[in-house]
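A quick write-up on the structure given underneath.
No value in this document is a laboratory result; all are computed from the given coordinates. Owing to the predicted nature of the structure, the values given are computational and were not obtained by experimental measurement. We place every Cβ from the backbone using ideal geometry, glycine too, and count neighbours over all the protein chains shown.
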Amino acid sequence: MDRLAGKVAIVTGGSQGIGLAMARVFAREGAAVVVSSRRADAIEAAARDLAASGAQVLGVQADVAQREDVERTIAQTIERFGRIDILVNNAQSTRQAKIEDITDDSIALTFGSGLFGTLYHMQAAFPHLRERGGSVINFGTRQGIYGEPGDGIYGANKEGVRALSRSAAREWGRFGIRVNVINPAALSPAAERFLEANPVRMQKYLDEISLGRFGSPDDDIAPIALFLASDEARYVTGQTINADGGQIML
């Protein structure tokens with residue numbers, strides 16, 4: 001307990017799934033938590049969930065693809081808590097399509113919520129992170145490394161996030177800011193809906209997982225984020241952790 005005592009964490013896409021799981025474990029370890037989501041009802045429910053455990057929590061309705069919303073999230077965090085120590089860029093939307101069928105709308109949706117939203121948050125949080133150092137945790141995907149058919153735009157977007165993270169790790173290391181990436185494979189609500197609608201792909205994925213099961217947001221992904229957010233990872237930066245049960249091995 002108290003591994004994050006006195007720290008302030010922002011988690012985008014924090015109203016459900018992996019985002020909410022990370023917010024919960026951060027709160028349990030003593031951090032004040034800011035969670036953002038596009039949906040007002042979802043973020044209110046998540047804020048109530050976290051506050052019920054006694055955590056200091058701020059819920060912000062925001063679209064990560066809009067720079068103005070991002071800057072408002074950062075400003076409200078500073079106004080409420082006075083500092084930022086941990087930034088988790090978890091939010092992401094996308095649409096599946098073969099390469100020849102990718103539309104401008106799909107590009108805008110995927111890159112806006114992923115690469116651009118990650119960049120906007122990193123830029124807005126940087127002046128505050130550099131004051132005392134901190135941890136940025138971004139999210140990639142095994143689809144980008146593997147080259148999953150139908151996920152070309154999603155994979156390209158997430159590989160862009162990984163490239164951005166490596167450059168930031170080198171540029172910001174002198175300020176004590178660590179930047180790392182998690183490539184998760186877990187049964188978030190969105191993943192469950194997708195796999196239920198695509199049973200053939202669900203079995204394919206399961207066959208590729210060396211540990212023989214899908215991950216849990218709370219039990220398998222959130223603890224890795226906690227490690228990266230904590231001082232235990234003070235000498236870890238620029239890395240990608242594949243938390244996927246052994247699908248991708250580098």
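Listed by chain and number, the lysines whose alpha-carbon sits under 30 Å from that of Lys98, ignoring those within fewer than 8 places in the same chain, are Lys158, Lys204.
By average Cβ neighbour count within 10 Å, what is the ranking of 8-17, 98-107, 32-41, 134-143 from highest down?
Top of the packing list down: 8-17, 134-143, 32-41, 98-107.
Residues whose amide H lies under 5 Å from that of Thr240, counting only those 5 or more places away or on a different chain, are Val181; hydrogens are built 1.01 Å from N in the peptide plane. Dipole of the chain computed with +1 at Lys/Arg Cβ and -1 at Asp/Glu Cβ about the Cα centre; of Ile74, Ala169, Gly133, farthest Cα towards the positive end is Gly133. To the nearest 0.05, how large is the calculated FRET efficiency for Glu192 and Glu131 if R₀ is 41 Å and r is the Cβ-Cβ distance? With R0 = 41 Å, the Cβ-Cβ based efficiency is 0.55.
Since only Ser93, Val179, Pro199 are under comparison, the one whose Cα sits farthest along the positive direction of the charge dipole of the chain, derived from C-beta charges on Lys, Arg, Asp and Glu, is Val179. Backbone phi angles across the range 37-43, fed through the Karplus curve with coefficients 6.51, -1.76 and 1.60 (θ = phi - 60°), yield HN-Hα couplings of 6, 6, 8, 5, 5, 5, 6 Hz in residue order; Gly and Pro are listed as x. Would you please state which residues of the range 217-250 a label at Tyr146 would reach in this model, taking the label point 7 Å out along Cα→Cβ and a backbone N cut-off of under 17 Å? Under cut-off, by backbone N: 241-250. Per residue, the chain reaches -14000 deg cm²/dmol at 222 nm when only DSSP H runs of four or more residues are counted, each adding -39500 (n - 2.57).
Report the FRET efficiency, 1/(1 + (r/R0)^6), for Arg234 and Met1, where r is their Cβ-Cβ distance and R0 is 25 Å, rounded to 0.05. That gives a FRET efficiency of 0.85. Placing +1 on the Cβ of every Lys and Arg and -1 on the Cβ of every Asp and Glu, with nothing else charged, gives the chain a dipole about its Cα centre of roughly 640 debye.
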